[in-house]
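For reference, the structure discussed in these notes is given below.
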Amino acid sequence: MRLSHLAYGGDYNPEQWPEAVWEEDVRLMQEAGVNLVSLGIFAWAKLEPRPGEYDFAWLDRVMELLHAGGIAVDLATATASPPPWLSHQYPESLPVTADGVQLWPGGRQHYCPSSTAYRAAAQRLVRKLAERYRDHPALVLWHIGNEYACHVSECFCDESARAFRNWLKKRYGSLDALNAAWGTAFWSQQYSDWEEILPPRKAPTYPNPGQQLDWRRFSSDALLECFDLERSILREITPAIPATTNFLTNFKPLNCWTWAAHEDIVSLDSYPDPADPLAHIDAALNYDLARSLKGGQSWLLMEQAPSQVNWRAQNLVKRPGQMRLWSHQAVARGAEGVLFFQWRASRAGVEKFHSGMVPHAGAGSRTWREVVALGRELRKIDAVLSTQVQADVAILIDWESWWALELDSKPSQAVRLLDQVRSYYEPLYRRNITVDFVAPDADLSSYRLALVPNLYLVRDQTARTLEHFVTSGGIVVMSFFSGIVNEFEHIRLGGYPAPFCNLLGLRITEFAPYALDQQNVIITDAGQHFPCTLWSDVIDLEGAEALAQYGDDWYANRPALTRHRVGRGEAYYLGTRPNEAGMDWLLNRACQAASVEPAAIVPTGVEAVLRQTADTRLLYLLNHGATAATIALGAPCTDLLTDRRHIDSLTLESQAVAVLSS
Ligand code: GLA
């Protein structure tokens, strides 16, 4: 993007307001330091009030006003919410659930991702928009769709069924290959004609897992095709303008590794709940993931709430200072801009109680004052734009494995990928050890420690990548129920986890999932006891050593945590889920083995992240704690936010932020 500062702004929906308000909008935007707005995300009906009849005159005026005010535009393709005429004219464009229920218009995102009518209409609109604004000086970014899959991630209609069959034909080539992949010899499911194949619609009992897993892949790809159809028009007409689409946090339906490769810039919408005292930890995880999706490239916080949202049961406001703190957290973790949903709080529609940068009360409000203060303050830290966040630790996450792990009929439905990822992430977060996320076949050579929570589905290549990492000196920590199936969700035979037995120096012949209230304990080689829950692998050592053993039950004294030295590295395996103290103990041990250091040693509750280049080093400190914290400094530093010099130490009030340059 051609912006000379950190991006600051929000979703701008001028179509909800009389034109008289627009000039005030621009004046207020200037007051707040806004330099980027996401324009017209839900304006399709206004831009094309009747099929093929376009009205761009109002958007021309908005674009001109913004440009004259020095505000750049992230122009939406406006295709996230089709106008009523589309489904009226093409009822088959409406989505259908697995139970056969058609979803009606009246909300938003009411389209079947495979609908040819929707796709054709969306492409027509995008071409018109791109042709009209191709040379507009305000245009710096395209905002394709909006939160793909947020409400409708899959559609089970007949048109989707046809698209699924075509997708499967490309994937398998023959029915024999598909029958083998789906294991259709089970329960008399063998297909003899492509036309017999359907989406996994509501069935009497568990549908075929191969079919379900391919359905997830197909559904992510079907939406990606919608994105790509728009992207290719934009690339043809405006090759120099980058494009993004905004992802959601903790979002399972889209394979974000695949999607991010199709975007120029990753952007993320993040709504941490002010009612949750640990919300900032989950936010940090998602920001690290957003940064990792394009290998460390900076990303945009495309949406966050200035204060409360409208869609939780109780919508708490952000306390004074909290919006500032949480905004800086995104920048600390690699964001090149902070934007909000939305600029001006709506006065009608379901989101009228969602906060806006300009609240209903207008400029005489706390939210507005905080918005203005943040906008001004961000101008002081443009230095972050040339820096990067670096991590020595990688957490491996694979959407296909996530989907497969959480299909039905598993040993335990309580094993959920994000819980497991968080059990690794949180102790590291508390120690201020920065983490990247990596795709299964990523190059791991820049990391010292790779964490593999529950990689249930694994391809041979991933197993080789991890083996190579360890033999070259890396440290791996892997949890139970990894390496269990191949990409078709077929068991890898010969003892679990078959592709990793050599690397880990062990073999598992049985695993014992727990009842929800069941507990055991692990006893470490130094005699510490940590309660554990969820699961126990019954491990036979084949070269590895036990670092902890189970304390109870029929597998008491059997290994619970192991280490295998391989080549120049070490592979740890964890057969259960210890409590947080146990995970902290394990990760601390792994970090020591890998010589991984925290960004800074700071009091509990303070988050520390380094953004750096070869010659700049910016230490971000964020106090999420309820009390002031004093941080000892190794060398004198200047806080870019206050311009104050700190010699030996710095005291940060609760919710305060510092960006230290040494
Ligand atoms: C999402 C959407 C926005 C808006 C906000 C409300 O992020 O993209 O259009 O609905 O939620 O929080």
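The values are calculated or read from the model by the stated rules, or taken from the named source; none is laboratory data. Keep in mind that this is a model prediction, so the values were computed, not measured. All Cβ positions, even for glycine, are placed from backbone atoms using ideal geometry, and neighbour counts span all protein chains on display.
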Cβ-Cβ under 8 Å pairs, at least 6 apart or on other chains, region 327-350 side more than 26 Å from Ala383 (Cα to Cα) and away from the ligand (no atom under 13 Å from the Cβ), far side part of a loop (DSSP other than H, G, I, E, B) and not hydroxyl-bearing (Ser, Thr, Tyr): Arg344/Asn13; Arg344/Trp17; Arg344/Gly356; Arg344/Met357; Arg347/His360
Number of the exception - Ile281 against (1) aliphatic (A, V, I, L, M); (2) surrounded by fewer than 22 Cβ atoms within 10 Å (Cβ to Cβ); (3) closer than 30 Å to Gly349 by Cβ; (4) touching a Phe, Trp or Tyr at 6+ places or on another chain (Cβ under 8 Å): (3)
Residue that is farthest from the ligand (Cβ to nearest atom) [pool: residues in region 317-326 that are under 28 Å from Val435 (Cβ atoms) and more than 17 Å from the chain's Cα centre (by Cα)]: Gly321
Neighbours by Cβ (under 7 Å, 6+ apart or cross-chain): first from region 535-549, under 18 Å from Phe481 (Cβ atoms); second in a strand (DSSP E or B) and charged (D, E, K, R): Trp535/Arg577; Val538/Glu510; Asp540/Arg507; Ala544/Arg563
Within region 124-159, tally of residues that are β-branched (Val, Ile, Thr) and either away from the ligand (no atom under 16 Å from the Cβ) or not in a loop (DSSP other than H, G, I, E, B) (or both): 2
Any hit, region 369-378, residues being among the basic types (Lys, Arg) and in a helix (DSSP H, G or I): yes
Residue match in region 302-314 (condition: small (Gly, Ala, Ser), within 14 Å of the ligand (Cβ to nearest atom) and surrounded by fewer than 17 Cβ atoms within 10 Å (Cβ to Cβ)): no
Counted residues, region 528-550 - those being among the small types (Gly, Ala, Ser) and within 34 Å of the chain's Cα centre (by Cα): 2
Residue list for region 1-16, filter: more than 16 Å from the ligand (Cβ to nearest atom) and touching a strand residue (DSSP E or B) at 6+ places or on another chain (Cβ under 8 Å): Met1, Arg2, Leu3, Leu6, Ala7, Tyr8
Residue list for region 92-123, restricted to those being assigned to a loop (DSSP other than H, G, I, E, B) and crowded, with 16+ Cβ neighbours inside 10 Å: Leu94, Pro95, Leu103, Pro105, Arg108, Gln109, His110, Tyr111, Cys112, Pro113, Ser114, Ser115
Region 535-561, residues that are in contact with a helix residue (DSSP H, G or I) (Cβ under 9 Å, 6 or more places away or on another chain) and surrounded by fewer than 23 Cβ atoms within 10 Å (Cβ to Cβ): Glu542, Gly543, Leu547
Filtered residues of region 605-631 (kept if within 16 Å of Arg431 (Cα to Cα) and either surrounded by fewer than 19 Cβ atoms within 10 Å (Cβ to Cβ) or at pLDDT below 95 (or both)): Gly605, Gly625
All positions within region 605-624 that are part of a loop (DSSP other than H, G, I, E, B) and either within 26 Å of the chain's Cα centre (by Cα) or of a type outside the set (Asp, Glu) (or both): Gly605, Thr613, Ala614, Thr616, His624
From Thr244, Thr184, residue being within 16 Å of the ligand (Cβ to nearest atom) and not assigned by TED's automatic domain parsing to the domain that holds Ala404: Thr244
Answer residue from region 585-604, given it is under 24 Å from the mean Cα position of the chain (by Cα) and either surrounded by fewer than 19 Cβ atoms within 10 Å (Cβ to Cβ) or not assigned by TED's automatic domain parsing to the domain that holds Ile522 (or both) and is nearest to Val470 (Cα to Cα) among those: Pro598
Among residues of region 199-225, those that are more than 16 Å from Thr184 (Cα to Cα) and over 20 Å from the mean Cα position of the chain (by Cα), counted: 3
Residue tally, condition of a type in the set (Ser, Thr, Tyr), assigned to a helix (DSSP H, G or I) and away from the ligand (no atom under 16 Å from the Cβ), over region 254-301: 2
Residues being of a type in the set (D, E, K, R), touching a helix residue (DSSP H, G or I) at 6+ places or on another chain (Cβ under 7 Å) and within 16 Å of the ligand (Cβ to nearest atom) - total across region 39-76: 1
